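Visitor: Sharing a structure with you now.
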Amino acid sequence: MKDVNEKIDLTVGTDTKITGNLESKGSIRIDGHINGNIECSGMLIIGEKGWIKGDIKASKGIIGGKVKGNITINDYLELNATSNVDGDISTTLLQVDKGANFNGNCIMGKTPTPKVKKD
């Protein structure tokens, strides 16, 4: 899955910090810090120095950095060896590389649906 050739519509650089939600109909690469939710119709790539504090929804995803929040991916999700995810994952297909750190629950299937937490 690392051979994905996606056109990146938005890049958040390493020296960039964004507070607030981010929405895109295209693909996004994040190497900086986002404190907010992300919704992406295309591929979401989080580089090794990328840091997200918020929930993520995307079509496809590759994570190499840190995520603190729940992740919902429609197609496939890849956690690289440098990734650190603290939250629940809902996806159709998941690849976890040796060395990846994932703390949370995972739901997989043709139509992933995250569980609703009861108070």
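Every number in this text was worked out from the coordinates using simple rules, so none of it is lab data. Keep in mind it's a predicted model, so treat the numbers as computed, not measured. Note: ideal-geometry Cβ built from the backbone for every residue, glycine included; neighbour counts use all protein chains shown.
Visitor: Taking H placed 1.01 Å from N in the peptide plane, check which residues at least 5 places from residue 102 or on another chain put their amide H under 5 Å from its amide H.
Guide: Amide H neighbours of residue 102, under 5 Å, 5+ apart: 85.
Visitor: Now, a different point. Using square roots of five times the C-alpha gyration tensor eigenvalues, list the equivalent-ellipsoid semi-axes of region 20-108 in whole Å, biggest first.
Guide: 17, 14, 12
Visitor: Would you pull out the residues with amide H under 5 Å of residue 62's amide H, same chain only if 5 or more places away, H placed 1.01 Å from N?
Guide: 44, 45, 46, 78
Visitor: Kindly write out, for region 8-24 in residue order, the coupling ³J(HN,Hα) from the Karplus curve 6.51 cos²θ - 1.76 cosθ + 1.60 (θ = phi - 60°), rounded to whole Hz, with x marking Gly and Pro.
Guide: So the J values, rounded to whole Hz, are 8, 8, 9, 10, 9, x, 4, 8, 9, 10, 10, 10, x, 7, 10, 10, 8.
Visitor: Simple spin-label model, 7 Å along Cα-to-Cβ: residue 17 to residue 101 in nm?
Guide: 2.1 nm
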